[in-house]
Amino acid sequence: MYAAIAAARQDASVLLLDKSLVGRGGATIMAQMTVAAAIGHEERDHWADHLDDTLAAGRELCDEKLARLLCENGPARIFEMDRWGAHWARGAGGRIRQVQAPGHGRARCCYVDFLNTGPGVAGTLRRQVSTMSGVRRVSNVTVTDVVVHDGRAVGAVGLDVVTGDIVTLAAEAVILAAGGLTKIFRRNSASTNMGGEAYALALRAGADLIDMEFVQFFPIAHLAPRLVGMDPIMWDPFRYKLGGRLLNGDFEEFMHRYGGQDSGKYTTVRDQASYAILKEVESGRGSPHGGVYLDFRHVPDATLRDAFGPVIDRLATNGIDLTQTPVEVAPTAHYHMGGIRVDQRMETRVAGLYAAGEAVGGANGANRLSGNAITEALVFGECAGRAAGAAAAGTSSGWNDAAAEDAVARLRCAAETFSDDGVPANVLQRRLQDLMWEDVGPFRTGDQLRRALDGIGEIRETPATVHAGGGYNLDLQDRLELHAMLATAEAVTRAALGRAESRGAHQRLDFPESDSGLVRNQVIEMKGEEVAARW
Amino acid sequence: MSGTTARTSHATTELRVRRGGSGDPERYDMYRVPYEEGMSVLDALVWVRAHVDSSLAFRYGCVNANACKTCMALVDGQVAYLCTARLAPEGAQVEPLPKRPLIRDLVTDTVPDDEKL
Ligand code: FES
């Protein structure tokens with residue numbers, strides 16, 4: 001949405017497409033946490049310090065130019081959002097409040113009370129987009145291909161999911177801002193529309209992907225009892241503020257059993273918590289739903305209320321009373337550091353094809369700091385929109401029917417081939433999610449990764465059931481999504497196999513150490529019909 | 001005692017769902033779904049698609065967070081978000097929003113007019 005606004009400010013006429021409803025999907029809307037930017041309201045701060053912290057978390061793999069862009073432009077975006085009516089929490093004298101999230105050297109993270117940052121940001125952008133006469137919003141269109149002609153992105157082909165019609169769209173420039181890939185894992189914390197489509201579209205259009213092996217797993221996502229109306233990763237601030245205890249299924253503390261490797265670094269601590277939890281579960285000491293307990297029973301009710309007032313009430317409507325019952329938590333796929341490789345103008349190696357937000361790879365290297373995800377959505381969106389808008393102003397689309405032919409034929413074949421046998425695509429998606437979770441999850445080995453590649457191939461060969469019927473055919477939407485999920489899953493798995501070391505969020509049990517020879521970024525590209533890795 | 005435990009862990013309940021598009025005759029399909037305390041109506045619908053009938057259509061996005069606001073429908077006659085409506089042990093009847101044009105099953109036309117092609 002930020003990209004659309006910035007492009008329209010360059011007098012471009014913008015079509016903002018979303019496969020669900022504009023501004024209602026993706027990860028931002030789910031985020032209840034914070035936005036990091038060195039605005040220095042809480043204490044003296046400078047973007048260069050933010051950059052140092054970001055680079056440290058990235059374990060020598062950050063694209064420094066992108067990381068710098070993120071940190072340097074973060075404050076301007078926070079203030080612009082403020083002018084657009086984002087309700088950043090305020091302290092004394094009207095200063096924007098900032099808290100210190102793990103890994104940041106300063107109190108740098110802005111937020112909207114109470115755990116409402118993501119919806120607040122998304123709502124502000126939705127409102128702002130709706131005031132821009134240059135932006136036309138279109139909901140319920142799934143883009144299946146970016147059309148490339150003479151080495152330039154010239155438009156897109158997609159499906160109007162409500163009518164079932166195939167649509168072709170000519171454009172002077174295309175920005176991919178469809179978020180991350182967490183949906184390819186069984187346990188994930190994002191919306192259902194994060195199937196890695198941006199990566200799959202970019203790959204097929206001829207762009208490079210970078211750092212695809214680095215998926216961030218969040219160790220203590222909510223597992224049980226069933227919690228609705230809340231972000232499953234909400235327990236982090238609880239734990240930092242109130243010191244929740246992690247207990248295994250037998251209600252014993254267990255972190256110390258795995259404590260030997262604790263180097264005291266935040267990233268290590270996160271990885272280690274995931275490791276310890278998964279090991280406890282594997283040894284049969286998990287909680288009933290396959291995680292561990294997070295226990296706040298030692299914290300007095302008044303302290304809980306002080307810290308999280310309204311949230312405690314929302315928990316109560318879910319039948320959760322933290323003073324009485326521990327909750328179950330487990331690691332979950334949360335964010336993707338890797339993504340589409342772009343230059344500082346957010347342009348890919350395909351002219352006219354840009355990326356923005358989580359879809360962009362490289363800025364966060366091997367691990368991302370808490371708070372940097374929304375910052376990058378805002379900053380990279382603004383950069384991409386500005387660059388694409390300016391580029392579009394001087395040209396007309398080089399749309400070419402012949403260049404779109406293959407993409408249209410492929411979509412027609414997918415959209416008009418119905419069969420009642422085979423396996424429903426949502427079931428195949430689930431198979432893929434299981435496989436990715438088991439074999440390409442937080443801890444990986446070469447054998448597992450090779451097995452995963454075989455499994456991905458098998459799923460690809462399995463015919464998917466699509467029952468007939470035009471309008472809002474979920475079978476068909478699932479099949480298109482599965483297609484993208486498979487391409488993205490393969491990219492992640494090949495990259496994970498290629499990196500024979502452990503670094504940041506990529507942990508290989510068969511190569512537990514970091515290898516100083518691998519302080520390099522791995523690139524994934526299409527070679528003919530094959531997904532291939534190169535250094 | 002153990003009998004009680006067995007019964008709760010294998011409990012099922014029934015979902016009655018209005019099917020079809022705008023021109024189709026009124027039809028309700030019944031689905032027997034596993035019941036677990038605290039589950040949402042959306043959980044049950046997702047289960048139906050995965051295990052019984054993948055052609056069943058409904059809108060949803062965020063599953064947990066009640067952030068996307070796309071999953072509105074009628075649950076036992078009341079407008080509700082499918083993801084926050086708790087499934088009662090005795091089951092539920094689910095229908096599309098009555099005041100919106102019907103597209104298919106539980107999906108109605110909730111897209112604002114200025115967001116269409
Ligand atoms: S699924 Fe998002 S609000 Fe219900």
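The values are calculated or read from the model by the stated rules, or taken from the named source; none is laboratory data. From a predicted model like this one, the values you see are computed outputs, not experimental measurements. All Cβ positions, glycine included, derive from the backbone under ideal geometry; neighbour counts span all protein chains shown.
The table that follows gives values for the structure above.
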read-out	value
Strands (runs of 3 or more DSSP E) fully within the stretch A:154-239 counting 2 or more residues that are more than 14 Å from chain B (Cβ to nearest Cβ)	A:174-176, A:215-224
Residue within the stretch B:92-99 that is at the interface with chain A (Cβ under 10 Å from one of its Cβ atoms) and part of a loop (DSSP other than H, G, I, E, B) present	no
Selection status of B:Ala92, away from the ligand (no atom under 15 Å from the Cβ), touching a helix residue (DSSP H, G or I) at 6+ places or on another chain (Cβ under 9 Å), at pLDDT 95 or above and not aromatic (Phe, Trp, Tyr)	yes
Qualifying residue in the stretch B:22-45 (condition: within 9 Å of chain A (Cβ to nearest Cβ) and assigned to a helix (DSSP H, G or I))	yes
Total residues in the stretch A:335-344, condition more than 16 Å from A:Ala57 (Cβ to Cβ), not β-branched (Val, Ile, Thr) and not in a strand (DSSP E or B)	3
Failed item in (1) within 14 Å of chain B (Cβ to nearest Cβ); (2) in contact (Cβ under 8 Å) with a residue 12 or more places away in the chain; (3) not in a loop (DSSP other than H, G, I, E, B), with A:Ser130 passing the rest	(2)
Filter result (away from the ligand (no atom under 16 Å from the Cβ) and either surrounded by fewer than 15 Cβ atoms within 10 Å (Cβ to Cβ) or farther than 30 Å from A:Ile233 by Cβ (or both)) within the stretch B:106-117	B:Asp109, B:Pro112, B:Asp113, B:Asp114, B:Lys116, B:Leu117
Condition met for A:Val35 (hydrophobic (A, V, I, L, M, F, W, C), at pLDDT below 95 and in contact with a Lys or Arg (Cβ under 6 Å, 6 or more places away or on another chain))	no
Residue check for A:Thr332: assigned to a strand (DSSP E or B) and of a type outside the set (Gly, Ala, Ser)	yes
Selection count where residues are closer than 20 Å to A:Val523 by Cα and over 13 Å from the mean Cα position of the chain (by Cα), scope the stretch A:176-201	3
In the stretch A:14-54, the residues that are more than 14 Å from chain B (Cβ to nearest Cβ) and assigned to a helix (DSSP H, G or I)	A:Trp47, A:Ala48, A:Asp49, A:His50, A:Leu51, A:Asp52, A:Asp53, A:Thr54
Complete set of residues in the stretch A:480-494 that are within 20 Å of A:Asp211 (Cβ to Cβ) and acidic (Asp, Glu)	A:Glu490
Count - residues of the stretch B:46-74 that are at the interface with another protein chain (Cβ under 8 Å from one of its Cβ atoms) and either polar (S, T, N, Q) or part of a strand (DSSP E or B) (or both)	5
Residue that is surrounded by the most Cβ atoms within 10 Å (Cβ to Cβ) [pool: residues in the stretch B:84-105 that are farther than 18 Å from B:Leu42 by Cβ and touching a Ser or Thr at 6+ places or on another chain (Cβ under 6 Å)]	B:Leu102
Residue in the stretch A:92-106 that is modelled with the lowest pLDDT, counting only those that are among the small types (Gly, Ala, Ser) and surrounded by fewer than 16 Cβ atoms within 10 Å (Cβ to Cβ)	A:Ala92
Residues satisfying the stated conditions in the stretch A:26-80, i.e. touching a strand residue (DSSP E or B) at 6+ places or on another chain (Cβ under 6 Å) and of a type outside the set (A, V, I, L, M, F, W, C)	A:Thr34, A:His41, A:Arg59
Cross-chain or 6+ apart pairs with Cβ under 9 Å, the stretch A:409-438 first and more than 10 Å from chain B (Cβ to nearest Cβ), then in a helix (DSSP H, G or I) and surrounded by fewer than 15 Cβ atoms within 10 Å (Cβ to Cβ)	A:Arg431/A:Glu458
Filter result (within 9 Å of chain B (Cβ to nearest Cβ), part of a loop (DSSP other than H, G, I, E, B) and under 13 Å from A:Ala414 (Cβ atoms)) within the stretch A:454-484	A:Asn473
Among residues of the stretch A:345-395, those that are small (Gly, Ala, Ser), in a loop (DSSP other than H, G, I, E, B) and within 18 Å of the chain's Cα centre (by Cα), counted	8
Residue match in the stretch A:511-528 (condition: out of contact with any Leu (no Cβ under 8 Å at 6 or more places or on another chain), over 26 Å from A:Phe218 (Cβ atoms) and aromatic (Phe, Trp, Tyr))	no
Test: residue in the stretch B:75-89 that is within 14 Å of chain A (Cβ to nearest Cβ), β-branched (Val, Ile, Thr), over 16 Å from B:Asp29 (Cβ atoms) and away from the ligand (no atom under 13 Å from the Cβ)	no
Evaluation of A:Asp211 against (1) surrounded by 20 or more Cβ atoms within 10 Å (Cβ to Cβ); (2) more than 18 Å from the chain's Cα centre (by Cα) (one fails), failing number	(2)
Residue, surrounded by the most Cβ atoms within 10 Å (Cβ to Cβ), within the stretch B:51-71, restricted to residues that are hydroxyl-bearing (Ser, Thr, Tyr) and away from the ligand (no atom under 15 Å from the Cβ)	B:Ser54
Qualifying position, being acidic (Asp, Glu), out of contact with any strand residue (DSSP E or B) (no Cβ under 7 Å at 6 or more places or on another chain) and not assigned by TED's automatic domain parsing to the domain that holds A:Pro75, among A:Glu405, A:Glu382	A:Glu405
